[in-house]
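Readers should treat all values here as calculations from the given coordinates under stated rules, not as data from a laboratory. Values in this document were obtained by computation on a predicted structure and should not be read as measured data. Here the Cβ positions follow ideal geometry from the backbone for every residue, glycine too, while neighbour counts run over all protein chains shown.
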Amino acid sequence: MTTDQAPQDLAQRLVEFVDALRGKGIPAGTSETVDAAAVMAALGFEDRRRLREGLASALVRRGGQRDVFDMTFDLYFPAGVGLGASATEIDAESVEDLRDLLLMAIAEGDTRMMQQLAELAVETLGNVATAGSSAGGWSAYQTLDRLNPRTLTAAAEAMRSEQRGNGQGAGQGGGQGGGSGTGGSSAGLMGGDVADSLTRDEVRRMIDLFRTMVEAEARRRTAEVRGRELVTQHAVRKTSGQIDFLSANAQQLEELRQAVQPLARKLATRLSARRRRSRRGRIDIRRTMRRAMGTGGVPMRPVHAPPHRTRPELVLLCDVSGSVAGFSGFTMLLVQALREQFSKVRVFAFVNTVDEVTDIVREGGEVRRRISEEARITKWHTSSDYGESFLDFVADHLDAVGPRTSVLVLGDARNNNQALRLEALHEIAQRSKRCFWLNPEHSGSWGLGDSVAPEYAEVVEMHECRTISQLERFISRLLPV
């Protein structure tokens, strides 16, 4: 990273960097940007790792954002341009040469050598530029597919084990002559198992590190060709708060599940604050005006009516079919983590018929699998049928809803061209204190295809809820307390 850039260029680079972070869900504002500028002035650019940590301390405020910050930092403050000078010194005439060098680096734990090999591998194997076109770049997928570092695992394990054995043999040889032979053999086998396990974990960790290096190098090289903004938009993943429930993969869903407890603690604090504010009750107009007679009719001191101090009850009606199951499962776990904020929480799951799953959600574990195996949520087919499910809820579980109950319906309102049964949903809404529908689809998709969201939205208040951030805003501001 060069240090002779003009101050105005560095300031512009910092502003662009903060804008990119904000676009990826890291809420860095004006004050954080000023702090980051002070960090840059204080630390300088000689030590890039120190600069990275300093900017992270100024701009990252929440957990789960550091990976996004690091990816974006590498694009806006790269270690260099083009192919690294150290990588050009490596003579690699073929893929097999690269694989042999990588095997040696992994076995020796040489991360510097691995970084140089990642740069060279992307340069030689990852170029995806097309003839006659300037719109090219470098592909981490293509690089890793051709190099296939996973196949080196067994060879690297054997090499590291051999290195360990050579280093430990002299020390172990003098101690084998004393003591029981059986006991010594047993201890040696146990120690060998542990050493082999550590070796496997170390090798896999080094290979994962190399993959990360290749991905970062491909992003950096592509940004030189296509621009940092475009690469940041498409190649840097979103923070957990911006992950779309319907498009989340297995790894992202696991990240969301890990975010349940921290998010629940934060939302519990907000709900408690809202409840404290609401304890004053509503203004009693008659008593306020009577008191105002002593101040010439000016209501200087309002009188509040006695508040209702009871906590609300909550009922969840969750569509657990298809991709919607990820959204419903996360919301069920979150609400269960917030159960102390409500006097009672009951959870019902459905595909085309309803069954109560409160106990399954309370016990935790693999909730989605247990619901599919233990709950009766389908009849003679496996497609979503909201109308039939609402009818079954009214017939079998309507006693769960009362004047203190808030009902949340979770689903995409795609009814597979079945009957809507609006009257059943209307009866549920009329019986409850409040009724909301949280839809994980973009509002622009409501009413398209087999979506009947507009029809159901005429009966209950429907909210778009595609990400954790939207769900957090709904619970913090609209959920009755």
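Descriptive notes on the structure:
- Near ALA349, once Lys and Arg are set to +1 and Asp and Glu to -1 for all other residues with Cβ below 9 Å from its Cβ, the sum equals -3.
- Global form of segment 404-456, assessed from the alpha-carbon gyration tensor, a/c cut-off 1.5: oblate
- Over segment 374-481: Kirkwood hydrodynamic radius from C-alpha pairwise inverse distances, Å: 14.6
- Low-density loop cleavage sites - trypsin sites (Lys or Arg not before Pro) in segment 364-435, where at most 15 other Cβ are within 10 Å (DSSP): ARG376, LYS379, LYS433
- Neighbour net charge for LEU422 - beta-carbon separation under 12 angstrom, K R +1, D E -1: -3
- Sparse packing (at most 13 other Cβ atoms within 10 Å of the Cβ) combined with a DSSP loop state is found for the following chymotrypsin sites (Phe, Trp or Tyr not before Pro) in segment 343-429: TRP380.
- Cα gyration tensor, segment 320-414 - rounded (a/c under 1.5), prolate or oblate: oblate
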